[in-house]
Amino acid sequence: MTIEGATIVTGSSRGIGLAIARQLVAQGHEVVGIARSQPGPEGFTTYAADLTDAAQTEAVLAEVVKRHRVLRLVNNAGVSELASLEAATAAQLDLLVAVHLRAPMQAMQAVLPGMRAAGFGRIVNIGSRAALGKPGRLLYGATKAGLASMTRTAALELAADGITVNCIAPGPIETELFAAGNPPDSEARRRFTAGIPVARVGTPEEIAHACGYFLDARAGFTTGQLLHVCGGMSIGATLT
């Protein structure tokens, strides 16, 4: 099955972004990745860009929408900075705002004219369960919460144009970065998973599956929503 129009996935070279891109390719999407590095021969085109740079981000988005008829967008790219209130720095805040708020805003602005012309669009922003609060994630959680708020307002502004905007908030996901800090057989992993109601971390493919619903043409009555895919952590931790 061929899906009309192209789908941008930012941060498509690894982890959740790569899983989303792979699933969409398998479903017939023309996927256009934007990442700092090429993921290899994955069946989709990748444009190289550093999303921390506003000018570079604007340039690559202009090139993508010029070459492709973009009707779907997944703002997945993210950076992780550990910071408590006491230790947080202005430089860390600037970095997280750039990647989690400014770049998604630029991406949505870039695809908007084409979506409006088509009378159809699907936008999915990837937030985080950490937006509900997590020690050491002061700035990360704050910017992901901001992305969820941006999602709701954009959904209201674009609803009449046939464009939906939704947000997925993953909990801990089994990416290369997570596994490096929490080896599968480690005590740190055991303690961590003990606080997750389903007693395991999630997979990138589970986030991709949730993303697929929001991107579907049949999901036009769902907009402005925040979906936690977190093993129950948004409800509350288990008692051990």
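Restricting to the range 166-200, what's the tally of residues that are touching a residue at least 40 places away in the same chain (Cβ under 8 Å) and under 30 Å from Ala219 (Cα atoms)?
11
If you scan the range 199-229, which residues turn out to be at pLDDT 95 or above, hydrophobic (A, V, I, L, M, F, W, C) and more than 17 Å from His29 (Cβ to Cβ)?
Listed by number, the residues that qualify are Phe221, Leu226, Leu227, Val229.
Can you pull out every residue in the range 100-127 that is in a helix (DSSP H, G or I) and surrounded by fewer than 22 Cβ atoms within 10 Å (Cβ to Cβ)?
Leu101, Arg102, Met105, Gln106, Gln109, Ala110, Leu112, Pro113, Gly114, Arg116, Ala117, Ala118
Starting from residues that are without any contact (Cβ under 8 Å) to a residue 24 or more places away in the chain and among the aliphatic types (A, V, I, L, M), keep the ones in the range 143-161 and report whichever is farthest from Val229 (Cα to Cα).
The residue in question is Ala160.
For the structure I just gave you, tell me whether Ala26 is surrounded by fewer than 23 Cβ atoms within 10 Å (Cβ to Cβ) and under 23 Å from Ala148 (Cβ atoms).
Taking the combined requirement at face value, the residue does not satisfy it.
Among the candidates Phe214, Phe192, which residue alone is within 16 Å of Ile20 (Cβ to Cβ) and of a type in the set (Phe, Trp, Tyr)?
The unique qualifying residue is Phe214.
Which ones in the range 95-141 are aliphatic (A, V, I, L, M) and free of Cβ contacts under 8 Å to residues at least 12 places away in the same chain?
Ala117
Can you name the residue in the range 29-49 that is of a type in the set (D, E, K, R) and more than 20 Å from Ala217 (Cβ to Cβ) and is also surrounded by the most Cβ atoms within 10 Å (Cβ to Cβ) among such residues?
Glu42
Read through the list (1) within 13 Å of Val70 (Cβ to Cβ); (2) without any contact (Cβ under 8 Å) to a residue 24 or more places away in the chain, then give the number of the only condition that Gly43 fails.
Of everything listed in (1) within 13 Å of Val70 (Cβ to Cβ); (2) without any contact (Cβ under 8 Å) to a residue 24 or more places away in the chain, Gly43 misses just condition (1).
When only residues in the range 38-54 that are more than 17 Å from the chain's Cα centre (by Cα) and among the polar types (S, T, N, Q) count, which is farthest from Arg122 (Cα to Cα)?
Among those residues, the one meeting the criterion is Gln38.
Working only within the range 5-23, note down all residues that are buried (at least 22 other Cβ atoms within 10 Å of the Cβ) and more than 14 Å from Ala103 (Cα to Cα).
Passing the criteria: Ala6, Thr7, Ser12, Ile16, Gly17, Leu18, Ala19, Ile20, Ala21.
Considering only residues that are touching a helix residue (DSSP H, G or I) at 6+ places or on another chain (Cβ under 8 Å) and in a loop (DSSP other than H, G, I, E, B), which ones fall in the range 207-224?
Thr222, Thr223, Gly224
Does Ala90 qualify as being over 30 Å from Gly220 (Cβ atoms), surrounded by fewer than 16 Cβ atoms within 10 Å (Cβ to Cβ) and without any contact (Cβ under 8 Å) to a residue 24 or more places away in the chain?
yes
The values are calculated or read from the model by the stated rules, or taken from the named source; none is laboratory data. Computed from a prediction, not measured in an experiment: that's the story for all the values here. Positions of Cβ are generated from backbone atoms using ideal geometry, with glycine treated the same way; all protein chains shown enter the neighbour counts.
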